[in-house]
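K.L.:
Shown below is the structure under consideration.
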Amino acid sequence: MDILIFKTNLNHPVHISKVQPFIQNIDGVQKWNVDIQDCDHVLRIEASEVSPRSIEIVLQNAGYYCEELTD
């Protein structure tokens, strides 16, 4: 199980509900959440065999900013 962390512009519960079906349709995603209080609006995903780039593409295609945060 991998934990993937992304900076996003998901800053409102409405945004989260709009991306929910997209994220839930990604094979391998087990759990996810967004911290809208954080300055980076962090999206945290627990997944198996999911590339960070695929998450970025899905959110960008849904009309949102998404960039993996690395160490």
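Laboratory data are not the source of any read-out in this text; all were calculated from the coordinates shown. Quick caveat, the model's predicted, so the values are computed rather than measured. Cβ: placed from backbone, ideal geometry, glycine included. Neighbour counts: every protein chain shown.
K.L.:
Apply the Karplus parameterisation 6.51 cos²θ - 1.76 cosθ + 1.60, with θ equal to phi minus 60°, to every residue of region 27-36 and state each ³J(HN,Hα) to the nearest whole Hz, in sequence, with x for glycine and proline.
P.N.:
My calculation for region 27-36 gives 4, x, 6, 9, 9, 7, 7, 10, 9, 6 Hz in order.
K.L.:
While we're on this one: If you take log10 I(q)/I(0) by the Debye sum over Cα atoms at q = 0.15, 0.28, 0.29 Å⁻¹ from the coordinates, which of (1) -0.50, -1.28, -1.32; (2) -0.40, -1.55, -1.65; (3) -0.74, -1.24, -1.25 do you get?
P.N.:
Read-out from the structure maps to (2).
K.L.:
If you don't mind, there's one more thing I want to ask. Could you size up the charge dipole of the chain around its Cα centre, putting +1 on the beta carbon of Lys and Arg and -1 on that of Asp and Glu, and report it in debye to the nearest 20?
P.N.:
Computed about the Cα centre, the dipole is about 300 debye.
K.L.:
Right, something else. Given the rule -39500 (n - 2.57) for each run of at least 4 DSSP H residues, summed and divided by the residues of the chain, what is its mean residue ellipticity at 222 nm, to the nearest 500 deg cm²/dmol?
P.N.:
Rounded to the nearest 500, it is -9500 deg cm²/dmol.
K.L.:
Follow-up. What does the net charge come to around V50 if you take all other residues with beta carbon closer than 15 Å to its beta carbon, with K and R at +1 and D and E at -1?
P.N.:
Residues near V50 contribute -3 overall.
K.L.:
Return the long-range amide H neighbours of L69 (sequence gap of 5 or more, or a different chain), with a cut-off of under 5 Å between placed amide H atoms.
P.N.:
Excluding prolines and chain starts, which carry no amide H, the hits are I5, F6, K7.
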